[in-house]
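The values are calculated or read from the model by the stated rules, or taken from the named source; none is laboratory data. Just so it is clear, the structure is predicted and the values come from calculations on it, not from any experiment. In this analysis, Cβ positions are derived from the backbone assuming ideal geometry, glycine residues included, and neighbour counts consider all displayed protein chains.
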Amino acid sequence: MKKFFAAIVAVLVLTVSFASVLAASYVGNANSGKFHFADCSSVNKMNPANRVNFNTRDEAIAAGYVPCKRCNP
Ligand SMILES: [Zn+2]
């Protein structure tokens, strides 16, 4: 029975962490210091290592990121 609960907890943790990645509306580039809408073409070209997710625009600005000139978030 303990294994059953452990499996359920593992699935829940995975679902929540996956959902939080999908829910990110803004993506910052740690290398350029700019942030984008998650669907900006620059985000796809970005090195995943430089990717910083933000849920809100204010969060990105508070972290010192400036808006991208292409997607103008
Ligand atoms: Zn952009």
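Taken together, the residues in segment 26-73 that are aliphatic (A, V, I, L, M) and in contact with a His (Cβ under 6 Å, 6 or more places away or on another chain) amount to 2. Among the residues of segment 1-26, those identified as at pLDDT below 70 and over 21 Å from the mean Cα position of the chain (by Cα) are Ile8, Val9.
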